[in-house]
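The structure appears below as structure tokens.
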Amino acid sequence: MTNRDIAAVFDQVADLLEFQNANPFRVRAYRNGARKLKDLADPLSRLVADDADLTAIDGIGKDLAEKIATLVQTGSLPMLTELEQQVPASVLPMMRVPGLGPKKAAALYNDLKITSLDMLRAACEEGRVRELKGFGKKTEETILAGIALAERATDRIYWSAADEIVQELLAHLRPVKAIKQLEAAGSYRRGKETVGDIDLLADATDVDAVMDRLGEFPAVAEVIARGDTKMSVRLDSQLQVDLRVVPSESFGAALQYFTGSKEHNVEVRGRAKQQGLRVNEWGVFRTTDDGEQGERVAGATEDEVYAALGLPTFPPELREARGEFDLAEEGELPRLVEVGDLRGDLHMHTTATDGKATLREMIDAARDRGHEYIAITDHSKRVSMAGGLDADRLRAQWAEIDALRPDYDDIVVLKGIECDILESGEMDLPDEVLAEADWVIASLHYGQKQPREKIMQRLLFAVEHPSVSIIAHPTGRLINRRESYDLDVDQLIAAARQHGKLLELNANPARLDLDDSHCALAKRAGVPIVVSSDAHHTGGLDVLPYGVKQARRAGLTAADVANTLPWKQLKPLLATPASQLPG
DNA sequence: GCCGTTTTCGGCCCGACTGTTTTCAGTCG
């Protein structure tokens with residue numbers, strides 16, 4: 001079992017325990033444990049085989065350590081089997097209905113024997129739900145409307161799509177004169193690859209003016225809730241937007257609170273408590289001797305709030321309780337990479353294969369964007385649907401690049417190729433051709449269903465190939481659409497380190513591959529990351545900021561990202577094992 | 001279930017909003 005498999009078991013246990021109304025802190029322990037395992041660098045299977053002390057892992061105690069060992073050794077967990085006998089897993093979707101938590105879902109299961117969304121709908125339509133204690137007519141209506149939402153299980157949207165909506169919302173709200181400050185918070189601000197809902201925060205005294213204006217946003221389908229400071233609406237697209245309106249003296253505290261993550265805030269507030277302080281969305285307050293909220297010590301800005309707790313202002317991308325507090329204590333909070341640090345783009349296509357712009361158009365567009373260098377990397381012949389290049393056509397394209405070079409003294413155009421790693425494990429072009437290239441991307445488009453052993457054989461062959469520079473979109477996942485192929489990312493990173501190869505962070509918003517936790521592992525191993533656009537038209541060059549967001553979430557600095565270097569300094573990195581790099 | 005320069009037991013972040021209650025539980029973030 002992989003670390004993620006084991007984490008999934010713990011998450012399932014947490015879901016079932018929650019349904020059974022178990023101690024919420026016990027539920028949290030399982031969820032927290034699952035989270036920590038997903039970010040763990042070392043495979044648990046190896047740690048167990050080595051008889052390592054698993055309780056050294058933060059969030060893993062004696063009990064979870066034993067369960068991990070059981071899972072590694074037997075592939076199953078008796079406790080989960082037992083829980084599933086007590087509660088059918090089919091009841092869990094009920095908790096996805098907005099307004100239904102563990103208590104109400106359990107009442108529906110225990111009193112009405114409801115075990116599916118279909119049965120729940122029938123019970124609502126027959127008016128049986130309103131008869132239950134704690135339920136009423138209104139609740140029944142809310143559930144009925146919510147079932148459709150739960151069934152649709154609307155995907156979290158790409159960060160890039162959320163950004164479009166956020167910009168529209170901000171533009172819509174800004175004309176309100178009462179608004180002094182306005183920010184989008186939540187997972188959007190943390191730069192998460194997908195966003196589940198949009199959180200907006202306004203500094204204003206005229207609350208009604210702001211809320212009325214949000215209600216007038218054209219895409220609003222429904223107002224879910226509206227109180228003195230908080231309003232929630234649902235858009236036509238099903239996306240929920242939460243608005244919070246606070247006074248200036250609380251804006252920083254509210255922004256900190258509303259940005260999250262939840263786990264980060266739990267840590268922040270726990271630390272505050274130890275210092276005799278209380279943090280809420282209204283500010284940082286001293287706690288009086290009788291435990292009441294006392295004098296306010298901070299709140300207007302985030303800097304002020306964190307400073308009051310003796311903490312630096314964490315970049316939003318790092319606020320995930322994934323080790324940022326330890327880094328801060330050691331004074332090693334990184335200065336994260338920025339879009340402006342990138343000097344070149346090393347993955348793009350042209351009309352020679354499946355791109356929509358010509359060679360010259362791509363070069364012009366890249367130059368307009370200030371790139372110092374680019375690599376032209378069309379597909380190799382195996383990608384027949386894209387009209388992939390054979391050796392002759394590739395050499396013809398390189399001759400074309402040579403012919404164009406005199407026209408461009410301010411941008412370096414590299415002769416590259418995105419060469420497929422064939423199902424057989426061979427490269428799709430002859431070695432002598434690859435040896436002539438400035439930049440060789442290896443990637444895997446076919447045979448993605450092969451077993452792990454075969455996939456790894458292919459990837460490792462490419463990593464060891466003397467002409468290969470980098471592995472592109474190394475896991476092959478497409479967010480919300482396709483799982484990654486079956487690979488061992490740790491092994492790939494180790495091989496890249498050994499052979500001096502780079503790994504791509506593909507900035508396409510549907511890929512973002514490697515993801516943040518994998519990039520963090522690569523950083524720890526000293527393997528440089530290259531953030532690339534994989535552009536198939538000139539506008540496609542503009543996705544780099546999405547990749548940089550993901551890189552920042554991984555804690556990468558400019559030094560960890562190879563294409564922040566001038567080409568002359570990047571080139572020597574190739575085929576230099578990371579262990580031999582300076583620094 | 002985890003954790004500990006106050007603790008091996010007793011804590012574990014904190015507040016807004018709704019609906020169903022006649023003072024609060026459940027849900028949500």
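The values are calculated or read from the model by the stated rules, or taken from the named source; none is laboratory data. Predicted, not measured: the structure shown is a model, and the values here were computed from it. As a convention, Cβ positions derive from the backbone with ideal geometry for all residues, glycine included, and neighbour counts pool all protein chains shown. Just the protein is used for accessible areas: all its heavy atoms, side chains included, with ligands, DNA and RNA removed. Shrake-Rupley method; radii C 1.70, N 1.55, O 1.52, S 1.80 Å.
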(message) Which residue is nearest to the chain's Cα centre (by Cα), if the candidates are limited to the stretch A:171-189 and must be more than 12 Å from DNA strand B (Cβ to nearest atom) and open to solvent by less than 30 Å² (accessible area, probe 1.4 Å)?
(response) A:A184
(message) Among the numbered criteria (1) on the phi > 0 side of the Ramachandran plot; (2) within 15 Å of DNA strand B (Cβ to nearest atom); (3) of a type outside the set (D, E, K, R); (4) at pLDDT 85 or above, which one does A:G75 miss?
(response) (2)
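Taking the options A:A386, A:A366, A:A375, A:A357, name whichever one is modelled with pLDDT under 95, at negative phi, open to solvent by less than 10 Å² (accessible area, probe 1.4 Å) and not basic (K, R). If you could, list the steps in order and put the result at the bottom.
Working: A:A386 fails: open to solvent by less than 10 Å² (accessible area, probe 1.4 Å); A:A366 fails: modelled with pLDDT under 95; A:A375 fails: modelled with pLDDT under 95.
Exactly one residue qualifies, and that residue is A:A357.
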(message) Yes or no: the stretch A:238-249 includes at least one residue that is among the hydroxyl-bearing types (S, T, Y) and touching a residue at least 60 places away in the same chain (Cβ under 8 Å).
(response) yes
(request) Any chance you could count how many residues in the stretch A:205-223 are touching a Ser or Thr at 6+ places or on another chain (Cβ under 9 Å) and open to solvent by less than 50 Å² (accessible area, probe 1.4 Å)? (result) 2
(request) Kindly list, by first and then second residue, each pair from a residue in the stretch A:439-453 that is of a type in the set (K, R) to a residue that is in a loop (DSSP other than H, G, I, E, B), limited to pairs with Cβ atoms under 7 Å and residues at least 6 apart or on different chains. (result) A:R452/A:D486; A:R452/A:L487; A:R452/A:D488
(message) Go through the stretch A:272-287 and report how many residues are among the small types (G, A, S) and either modelled with pLDDT of 90 or more or closer than 15 Å to A:A253 by Cα (or both).
(response) 2
(message) I'm checking my understanding of the structure. Among residues of the stretch A:503-538 that are open to solvent by less than 10 Å² (accessible area, probe 1.4 Å) and among the hydroxyl-bearing types (S, T, Y), which one is farthest from A:L342 (Cα to Cα)?
(response) A:S533
(request) Answer yes if at least one residue in the stretch A:148-160 is among the acidic types (D, E) and within 14 Å of DNA strand B (Cβ to nearest atom), and no otherwise. (result) no
(request) Quickly run through the stretch A:1-55 and pick out the residues that are within 14 Å of DNA strand B (Cβ to nearest atom) and basic (K, R). (result) A:R26, A:R28, A:R31, A:R35, A:K36
(message) I'm trying to understand the selection: among the residues of the stretch A:88-132, which are more than 33 Å from the chain's Cα centre (by Cα) and either modelled with pLDDT under 85 or of a type in the set (S, T, N, Q) (or both)?
(response) A:N110
(request) Would you be able to tell me the number of residues in the stretch A:99-140 that are near DNA strand B (Cβ under 8 Å from one of its atoms) and either open to solvent by 50 Å² or more (accessible area, probe 1.4 Å) or assigned by TED's automatic domain parsing to the domain that holds A:V223 (or both)? (result) 8
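Would you confirm, using the coordinates I've provided, whether A:R28 is open to solvent by 30 Å² or more (accessible area, probe 1.4 Å), part of a helix (DSSP H, G or I) and within 20 Å of A:A321 (Cα to Cα)?
Criteria met by A:R28.
Residues to consider are A:R477, A:R482; find the one that is out of contact with any Pro (no Cβ under 8 Å at 6 or more places or on another chain), under 18 Å from A:H347 (Cα atoms), modelled with pLDDT under 95 and not small (G, A, S).
Values: A:R482 fails: under 18 Å from A:H347 (Cα atoms).
Within the list A:R477, A:R482, the selection yields A:R477.
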(message) If the requirement is being over 28 Å from A:E267 (Cβ atoms) and open to solvent by 30 Å² or more (accessible area, probe 1.4 Å), which of these qualifies: A:T55, A:T81?
(response) A:T81
(request) Return the residue satisfying two criteria in turn: it lies in the stretch A:252-273 and is open to solvent by 10 Å² or more (accessible area, probe 1.4 Å) and either over 20 Å from A:R28 (Cα atoms) or touching a His at 6+ places or on another chain (Cβ under 9 Å) (or both), and of such residues it is farthest from DNA strand B (Cβ to nearest atom). (result) A:L255
(message) Contact list please: Cβ distance under 6 Å, first residue in the stretch A:476-490 and closer than 16 Å to A:Q457 by Cβ, second residue open to solvent by 70 Å² or more (accessible area, probe 1.4 Å), pairs at least six apart or on different chains.
(response) A:D486/A:R452
(message) I need a count of the residues in the stretch A:224-251 that are surrounded by fewer than 20 Cβ atoms within 10 Å (Cβ to Cβ), within 8 Å of DNA strand B (Cβ to nearest atom) and aliphatic (A, V, I, L, M).
(response) 2
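Residue-wise test of (1) part of a loop (DSSP other than H, G, I, E, B); (2) acidic (D, E); (3) under 30 Å from A:A34 (Cβ atoms); (4) at pLDDT below 95.
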site: A:D289; (1), (2), (3), (4): yes, yes, no, yes
site: A:R296; (1), (2), (3), (4): no, no, no, yes
site: A:P312; (1), (2), (3), (4): yes, no, yes, yes
site: A:E317; (1), (2), (3), (4): no, yes, yes, no
site: A:A321; (1), (2), (3), (4): yes, no, yes, yes
site: A:F325; (1), (2), (3), (4): no, no, yes, yes
site: A:A328; (1), (2), (3), (4): no, no, yes, yes
site: A:L333; (1), (2), (3), (4): yes, no, yes, yes
site: A:T350; (1), (2), (3), (4): yes, no, no, no
